[in-house]
Amino acid sequence: MPKFIPKFIEKQKEGDFDIVSGTRYDGDGGVFGWDFKRKLIRLYKKDVLQKLVDSCTSKGYVFQMEMIARARQFGCTIGEVSSPGRFPSARERQ
């Protein structure tokens with residue numbers, strides 16, 4: 001969600017994190033009926049993102065998982081921010 005972008009930038013500057021990951025699972029937040037790729041929100045330093053993309057071999061669903069696993073392997077620092085909210089599925093919106 002664009003309204004949370006300033007929180008990601010603030011967190012990155014605060015800890016000089018290589019990656020800032022958002023979670024929608026704090027409190028009563030969550031996403032219902034969404035596929036995996038819509039549940040992830042991350043901010044990457046440009047050079048870190050390039051290194052990770054160049055090293056990943058996975059496609060599809062597991063790509064995001066490989067990205068974070070490789071980030072840990074490379075010693076990247078990871079911060080987390082809350083981007084709560086309950087986002088209804090398409091079925092619930094109808």
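Just so it is clear, none of the values below were taken in a lab; they were calculated from the coordinates. For clarity, every value in this text was computed on a predicted model and none was experimentally measured. Here Cβ is always computed from backbone atoms with ideal geometry, including for glycine, and neighbour counts include all displayed protein chains.
Each of VAL48, VAL53, VAL81 was scored by other Cβ atoms within 10 Å of its Cβ. Listed from fewest to most, they are VAL53, VAL48, VAL81.
Net charge near THR57, counting Lys/Arg +1 and Asp/Glu -1 over other residues with Cβ under 12 Å of its Cβ?
Spelling it out: positives minus negatives among the neighbours equals 0.
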